[in-house]
Amino acid sequence: MPHDLSPWSMFMAADIVVKSVMAGLAFASVVTWTIGLAKTLELSAAKRRLRQATRILAKQTTLSEASLALAKAQRLGRKLIEAAVEEMHASKQAYDKDGIKERVVSRLHRIELAASREIARGTGWLATIGSTAPFVGLFGTVWGIMNSFIGISKAQTTNLAVVAPGIAEALLATAIGLVAAIPAVIIYNLFSRGIAGYRAEVGDAAATVARLVSRDLDRGRSALQRAAE
């Protein structure tokens, strides 16, 4: 009787090791698409909220006005303002404007890094899947072909109809590995560019806050104290 060489039949007929490899790669593919969908929604929403906060900041002339305008706005924009206000308050007895600016910029920079790490969380799985899935699939293929050769020696025949099903089952593992790896690499590269763009937008928002601080400092000591309060 001819063998059924449909993917499902080959999976069911495969060796337990090859079957485990295929199941693991299929799970990795599900993880890839789940992360891709979740991070796409998260990154799009984060960029939209950040752009809204940046537009609001650009319209303000003092740190106090920005603090009031962003009182109920996007969390990251509010954190940038709060960090600047806290440093202004801590530095209200200081007279070195450049030192105050450096400390504010340092706080804003730490928030930028934290935001970048947070938005990139989970993308490391894509890199891992993209780099390892082909080799895991290849392991399944090598194992399956090895078993096919053992079967050939036991059957003492080189009839293609006898050896082809086992080899096809083994090659299916490599195919599933590529199916898991290729989307993971593509999605990871897309997210890398998207996250880099998001990081640049966070930098723009932080730069806007730093300009507000600089303006308050240039207005004099009274403006500094009002902003700190």
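The values are calculated or read from the model by the stated rules, or taken from the named source; none is laboratory data. Everything quoted here is computed from the prediction, not taken from an experiment. Every residue, glycine as well, gets a Cβ built from its backbone with ideal geometry; the counts of neighbours run over all protein chains shown. Accessible surface is based on the protein model in full, side chains and every heavy atom, while ligands, DNA and RNA are left aside. Shrake-Rupley method; radii C 1.70, N 1.55, O 1.52, S 1.80 Å.
Miscellaneous remarks
- Boolean, PHE191 is out of contact with any strand residue (DSSP E or B) (no Cβ under 7 Å at 6 or more places or on another chain), modelled with pLDDT of 80 or more and surrounded by fewer than 18 Cβ atoms within 10 Å (Cβ to Cβ): no
- Residues that are of a type outside the set (D, E, K, R) and closer than 15 Å to ARG215 by Cβ, drawn from region 80-107: ILE81, ALA84, VAL85, MET88, ILE100, VAL104, VAL105
- Selected residue (criterion: most open to solvent (accessible area, probe 1.4 Å)) from residues of region 152-166 that are more than 17 Å from MET12 (Cβ to Cβ) and modelled with pLDDT of 70 or more: LYS154
- Answer residue from region 101-134, given it is over 23 Å from the mean Cα position of the chain (by Cα) and of a type outside the set (Gly, Ala, Ser) and is surrounded by the most Cβ atoms within 10 Å (Cβ to Cβ) among those: VAL104
- Filtered residue count, region 76-111, keeping only those that are closer than 30 Å to TYR188 by Cβ and either at pLDDT below 90 or not in a helix (DSSP H, G or I) (or both): 4
- For region 196-212, a residue qualifies if it is over 12 Å from LEU57 (Cα atoms) and in contact with a Lys or Arg (Cβ under 8 Å, 6 or more places away or on another chain), and the qualifying residues are GLY197, TYR198, GLU201.
- The residues listed here are THR61, THR40; of these, the one that is surrounded by fewer than 20 Cβ atoms within 10 Å (Cβ to Cβ) and outside any helix (DSSP H, G or I) is THR61.
- Only one of the numbered conditions (1) buried (at least 20 other Cβ atoms within 10 Å of the Cβ); (2) in contact with a Pro (Cβ under 9 Å, 6 or more places away or on another chain) is not met by TRP33, and that is (1).
- Contacts under 8 angstrom Cβ, first residue in region 137-154 being over 30 Å from ALA28 (Cα atoms), partner in a helix (DSSP H, G or I) and not hydrophobic (A, V, I, L, M, F, W, C), 6 or more apart: GLY151/GLY166
- Selection of region 9-24 for residues being within 15 Å of ALA175 (Cα to Cα), in a helix (DSSP H, G or I) and aliphatic (A, V, I, L, M) yields MET10, VAL18, VAL21, MET22, ALA23.
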